[in-house]
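Heads up: the structure comes next, in structure tokens.
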Amino acid sequence: MTTTPPNPDLTPDQALARLPELTVVDVRTPAEYAAGHVPGAHNIPLDSLDRALPALRTAHGGLLLVCASGARAERARSVLAGHGIPAATLTGGTSGWAGHGHELHRPRGGSRATWAMERQVRFTAGAAVLVGLGLGPLHPAWLLLSAGVAGGLVFSALTDTCGMAAILSRLPHNRPRPADLDATLARLGSARG
């Protein structure tokens, strides 16, 4: 059974000290996870969390949720709390972890060089704005694309959500293969203590 971490947010240094007793779950996309993650972290993307509830309910030690900056980990903590599963989050996510000089694990071979979700969003938003502005002289309706992206970015900032990230996370390179998620859940099940 999971135990309640004494602090719902752990700094990178606190997490490093407790790493052997924690079950670390990285809720980013598989592509982001492959680009570098906290050593020993299990990759269960945020949108696959419901499927992992039985394994997370019986994980050993406390659960530590990790993402790039902390926002998705906080959403994951809310989902788990709704199912009675306590969890901590890593303050600052993997960015904070690396910023404190802690090593990120990067699997050798087979891992694709991919961009973090935030970078994918910036690229897609920027490209859409440029397309709208570039094609605007041909037909003014194209300017609505740029306006729509700008409005979406403002809404994203105000609500601390990101619809574009939700859409991009569904692209094939950001999705776990079913076998990968099954293997992760099996490892979690065998690590029960």
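The loop-placed trypsin sites (Lys or Arg not before Pro) in the stretch 66-163, going by DSSP, that have at most 10 neighbouring Cβ atoms within 10 Å of their Cβ come out as Arg108, Arg112. For the stretch 117-161, the square roots of the Cα gyration tensor eigenvalues, ordered a ≥ b ≥ c, give a/c of at least 1.5 with a/b no greater than b/c, which places it in the oblate category.
Under a model in which nothing but the beta-carbon of Lys, Arg (+1) and Asp, Glu (-1) is charged, the chain shows a dipole of about 400 debye around its Cα centre.
Within the shell of other residues whose beta carbon sits under 15 angstrom from the beta carbon of Ser78, the net charge comes to -2, with Lys and Arg scored +1 and Asp and Glu -1. When you work out D = kT/(6 pi eta Rh) for the stretch 1-80 at 37 °C and 0.692 mPa s, using the Kirkwood radius from C-alpha pairs as Rh and the Stokes-Einstein form, the result is 260 µm²/s.
Its DSSP H runs of at least 4 residues, each contributing -39,500 (n - 2.57), put the calculated 222 nm mean residue ellipticity of the chain at -15000 deg cm²/dmol, to the nearest 500.
Normalised by the number of residues in the chain, the mean separation of alpha-carbon contacts (under 8 Å, six or more apart) gives a relative contact order of 27 percent. Can you tell me the 0 to 90 degree angle between the C-alpha axis of helix 143-159 and the longest principal axis of the chain, rounded to 10? The angle comes out at about 30 degrees.
Distance distribution P(r), the chain, all Cα-Cα pairs, bin width 5 angstrom from 0: 1, 8, 15, 18, 18, 14, 10, 6, 4, 3, 2, 1, 0 percent.
Rounded to the nearest whole Hz, the Karplus-based 3J(HN,Hα) values (6.51 cos²θ - 1.76 cosθ + 1.60, θ = phi - 60°) of the stretch 37-42 follow the sequence 9, 4, x, x, 6, 9, with x at glycine and proline.
Between the helical axis of 178-190 and the longest alpha-carbon principal axis of the chain there is an angle of about 30 degrees. Just to be sure I understand the model, the point goes 7 Å from the Cα along the line to the Cβ. What's the resulting His139 to Thr159 distance in nm? Taking the two extended label points, one gets 2.8 nm. Quick check: net charge around Thr161, other residues with Cβ under 15 Å of its Cβ, Lys/Arg +1 and Asp/Glu -1? Here the charged neighbours net out to -2.
Label zone of Leu130 (point 7 Å out along Cα→Cβ, amide N under 17 Å): in the stretch 141-184 this covers 143, 145-147, 149-150.
Backbone geometry of the stretch 163-170 corresponds, through the Karplus equation with coefficients 6.51, -1.76 and 1.60 at θ = phi - 60°, to 3J(HN,Hα) couplings of x, 5, 5, 4, 6, 5, 5, 8 Hz, x marking Gly and Pro.
Laboratory data are not the source of any read-out in this text; all were calculated from the coordinates shown. Just so it is clear, the model here is predicted, and its values are computed rather than measured. For neighbour counting, all protein chains shown are included, and Cβ atoms are generated from backbone atoms with ideal geometry for every residue, glycine included.
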